[in-house]
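The values are calculated or read from the model by the stated rules, or taken from the named source; none is laboratory data. Note that the structure is predicted; figures quoted are calculated from it, not measured. Glycine also receives a Cβ, built like all others from the backbone with ideal geometry; neighbour counts cover every protein chain displayed.
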Amino acid sequence: MVGSINCRLCNGRGEYLGLYRDRRYYRCTFCFSVMMDPVHYLPPEEEKHRYDQHNNDVNDPGYRQFAAPLVDKIKQNYGPRVAGLDYGAGSGPVASVLLRENGYHSISLYDPYYHPDRSVLSERYHFVICCEVIEHFHQPAEEFKLLRSLLLPGGSLFCMTELYDEKIDFKNWYYKNDPTHVFFYHHRALRWIEKEYNFNSLHLEKRLIQLETPPAVS
């Protein structure tokens, strides 16, 4: 019997969904997210090797176009003099490069493999970027707690990821095929994150997510 596991986001009960590519997946009965069984997580050296294979050339037109909606959303919300953090920036932090080209020069980078300076996590920011990052979180509850703590009042967390819903044929869904993609968020999970971590609002535009913190009390 396969049994169940606890959801690593909301701690709900994850019921067995199926075995795909020799990896077990579970669906949370509370937040409706789908997660890989942690026994299948890649060890750090294999995970890093997989990331090294990604095509993250910041000069690639397709890669720049991919990140453009995220960059445009930040530009709509914040001027160039604010401080930002690219969290999980990877080897090719294209969103940060595009923002710097538009005058946003106060952007720090953090990535456990490529930009491991944790001192930047001691600061607070007007916005934090997670571009194709949150699906890699092994401990999403802890990660979102950290991300929330990094934001100033009136700040925003901007994420890009593919969301899961019941219309998706998970067996044939391309997004699960990357073995470093371990957690797939449902819209209900995002609402849970909004409330659990005291965000003021949630905005969704396809795969672009914006979570805003409450403004400063005057």
statement: Exactly one of LEU121, LEU208, LEU202, LEU152 is under 12 Å from the mean Cα position of the chain (by Cα) and either of a type in the set (Lys, Arg) or at pLDDT 95 or above (or both), and that residue is LEU208
field: Selected residue (criterion: surrounded by the fewest Cβ atoms within 10 Å (Cβ to Cβ)) from residues of the stretch 60-95 that are of a type in the set (Lys, Arg) and within 21 Å of LYS206 (Cα to Cα)
entry: LYS75
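Table: residues versus (1) surrounded by 22 or more Cβ atoms within 10 Å (Cβ to Cβ); (2) farther than 23 Å from VAL94 by Cα; (3) at pLDDT 95 or above; (4) within 10 Å of the chain's Cα centre (by Cα).
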| position | (1), (2), (3), (4) |
| --- | --- |
| HIS126 | no, no, yes, no |
| CYS130 | yes, no, yes, yes |
| GLN139 | no, yes, yes, no |
| GLU143 | no, no, yes, yes |
| CYS159 | yes, no, yes, yes |
| PHE170 | no, yes, yes, no |
| TYR174 | no, no, yes, no |
| ASP178 | no, no, yes, no |
statement: (1) part of a loop (DSSP other than H, G, I, E, B); (2) more than 18 Å from LEU211 (Cβ to Cβ); (3) in contact with a strand residue (DSSP E or B) (Cβ under 8 Å, 6 or more places away or on another chain); (4) at pLDDT 95 or above all hold for LEU163 apart from (2)
- request: Could you please tell me which pairs satisfy a Cβ distance under 8 Å, a separation of 6+ or placement on different chains, a first residue in the stretch 170-189 that is in a helix (DSSP H, G or I), and a second residue that is of a type in the set (D, E, K, R) and buried (at least 19 other Cβ atoms within 10 Å of the Cβ)?
  value: PHE170/LYS176; TYR175/GLU135
